[in-house]
Structure formats: structure tokens, C-alpha cells
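**Student:** The structure's right below; bear with me while I get my questions together.
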Amino acid sequence: MTNTILRIQNVSKIYGDTEVLKDISLEVNEGDTVVLIGPSGTGKSTLLRCINLLSSSDSGQIWLDDQEITAAGVNHDHVRQHIGMVFQDFLLFNHLTALDNVMVGPVKVLGMSKEEAHKKAMWELERVGLVDRAGHYPGQLSGGQKQRVAIARALAMDPRIMLFDEPTSALDPELIGEVLEVMEKLSREGMTMVVVTHEMGFAREVADRIVFMEKGVVVEEGPPEDLFYRPKFERTREFLWKITELYGKHDQDGEQDAASVED
């Protein structure tokens, strides 16, 4: 029996005169990797911010496990302890080492002893392949290494779910792979993840489900083989054709299959 960790029901969000999210409903099961794709400005990042309660939705409900986290009176800080968030920018403390950046949450928020937090932080740094950089400051790390420290920092809080908001978009091309490799490893280990990305190779190979959004609505969702090779809608085919051509992630057979969608 599948266990639903995240349930989004009829969520809408309005900024000024623009309805950024329009009646979004989505479920994420435990251990699943769900990838959100779509044109820039279509509400993907806003949806992640609503899940993490960094933005409040104007209507609808969101549940984490059995708790409605959008209900009145919910402690937002407590909820965020269970939701790991990795942003485009690394948001590390420049005056702290990689180790201390990972330790700070468990010590300050979870109340761990420094000894326990040190052990936890070293474990998470090893998980992302950076135990040998524990004593380095952010200024001494590459962009890919900084992002991996940010992932370790989020993991150190033992979240129920991890949210990734275009985690490779600020990286040089040669550094993207090391971050995607860590994310793929987490997916294999059973971490529940919602990922906003333009990396179609990652989406096709790692995602359990892909959600294509445009203009604040979910156009189509399904397993990667359906969206890449048998999309239901012409708009899905057009987007995938353009984005995979732009990023060079689609093989020849994939292009032919994606182009053969029925209207």
C-alpha cells in the first residue's frame, strides 16, 4: 500500500493581477521522485514555496503526512523542520566551514549536542561526497561543492521530503553532473523528492513521475516514458521537443517518439 506524504488540493496563488497557480492538485507518495517541468514563470517555484510555507496560498489545502500544514495556527517553523529545501543559490553562511554549515540546523533548531551534530554532519557530508572538504569555507569551494553542502545541510534535519528548486541552474556546465549524481543517489535510497529542473536527462532517467505545468496549471502528468514518448497533448510534445533540443539531452529515437504524439 502506497503512503502519501504530500497532498496538494486545489491550491491557487495570486500576485497582484496575476494568478500564478490555478487550482493545483497533486499527490506525492513516499519514496517517489516527482519532477516539475515547464516554461519559466509558470508557477513551479511558487508551488515549492507554498509547500514549504515560504509563500502562503490564497486558496486550497496542503497536507504533509496527516497534518494540514495550511490550516490556521500551524507552526510554520516546525513544519519546515520536516521539509528540506535546496534553492538555486546555495545560501551558505560564508563565515562557517562546510561542516559548521551542516551542523548549525541540528544544533540550533533540533537541540542536538555538538558532538551528536558533528557526527550527523560528517555522515551527511560523506553522503554527498564532501567529507574531505569539511573544514573548507564556501569561498574555497566550487559551485557544485557549495550546492552539495546545501543538500547535506537539508538532509541533516532528517526531512520527510526534499524540495529542489532548479538546483543546477547557477552552476557551470561541467559542475552540473556532480549535483545530479547526488540527487540520483538520494532517489535510489528512497528519499521523497519534488524537483524543479530543466535537466531532461535527469527527469527521464530518475523521475517516477513528471508533471508538466504551464500558465499556472498542470497540463499533463505521468511516468517519464509516457510524457517523453507518448504525450497526450501537443503542447507537452512541443515543450519537450524544444527543451531537449536546447539542452541536448534527447537521443535521436526519443525525438522521433516524442514527435509522434497524436493530437
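**Student:** I'm trying to understand the selection: among the residues of the range 1-31, which are of a type in the set (D, E, K, R) and over 17 Å from the mean Cα position of the chain (by Cα)?
**Tutor:** LYS13, ASP17, GLU19, LYS22, ASP23
**Student:** What single numbered condition from (1) in a loop (DSSP other than H, G, I, E, B); (2) touching a residue at least 12 places away in the same chain (Cβ under 8 Å) fails to hold for ILE5?
**Tutor:** (1)
**Student:** Criterion first (out of contact with any strand residue (DSSP E or B) (no Cβ under 6 Å at 6 or more places or on another chain), under 24 Å from GLU27 (Cβ atoms) and either buried (at least 21 other Cβ atoms within 10 Å of the Cβ) or of a type in the set (D, E, K, R) (or both)) does ARG148 satisfy it?
**Tutor:** No: the conditions fail for ARG148.
**Student:** Separate question: Give me a count of the residues in the range 112-124 that are closer than 16 Å to PRO159 by Cα and either open to solvent by 60 Å² or more (accessible area, probe 1.4 Å) or of a type in the set (A, V, I, L, M) (or both).
**Tutor:** 4
**Student:** How many residues does the range 153-179 contain that are within 25 Å of CYS50 (Cβ to Cβ) and of a type outside the set (Phe, Trp, Tyr)?
**Tutor:** Total satisfying the criteria: 18.
**Student:** Which of (1) within 30 Å of GLN145 (Cβ to Cβ); (2) touching a strand residue (DSSP E or B) at 6+ places or on another chain (Cβ under 7 Å); (3) of a type in the set (Gly, Ala, Ser); (4) surrounded by fewer than 19 Cβ atoms within 10 Å (Cβ to Cβ) is the odd one out, the single condition GLY201 does not satisfy?
**Tutor:** Among (1) within 30 Å of GLN145 (Cβ to Cβ); (2) touching a strand residue (DSSP E or B) at 6+ places or on another chain (Cβ under 7 Å); (3) of a type in the set (Gly, Ala, Ser); (4) surrounded by fewer than 19 Cβ atoms within 10 Å (Cβ to Cβ), the lone unmet condition for GLY201 is (2).
**Student:** Kindly list, by first and then second residue, each pair from a residue in the range 117-140 that is part of a helix (DSSP H, G or I) to a residue that is polar (S, T, N, Q) and open to solvent by 70 Å² or more (accessible area, probe 1.4 Å), limited to pairs with Cβ atoms under 6 Å and residues at least 6 apart or on different chains.
**Tutor:** Partner pairs satisfying both residue conditions: PRO138/ASN94.
**Student:** Here are the criteria: (1) at pLDDT 95 or above; (2) of a type in the set (Ser, Thr, Tyr); (3) surrounded by fewer than 21 Cβ atoms within 10 Å (Cβ to Cβ). Tell me which single one SER169 does not satisfy.
**Tutor:** (1)
**Student:** Another question about this same structure. Of the residues LEU48, LEU92, LEU53, LEU96, which single one is in contact with an Asp or Glu (Cβ under 6 Å, 6 or more places away or on another chain) and modelled with pLDDT of 95 or more?
**Tutor:** Criteria check complete, one pass: LEU48.
**Student:** Working only within the range 53-86, note down all residues that are crowded, with 19+ Cβ neighbours inside 10 Å and under 17 Å from the mean Cα position of the chain (by Cα).
**Tutor:** Result: LEU53, ILE62, LEU64, ILE83, GLY84, MET85, VAL86.
The values are calculated or read from the model by the stated rules, or taken from the named source; none is laboratory data. As the structure is a prediction and not an experimental result, all values here were calculated from the model. Reconstructed Cβ throughout: ideal geometry from the backbone, glycine too, with neighbour counts over all protein chains shown. For accessibility, only protein heavy atoms count, side chains too; no ligands or nucleic acids. Shrake-Rupley method; radii C 1.70, N 1.55, O 1.52, S 1.80 Å.
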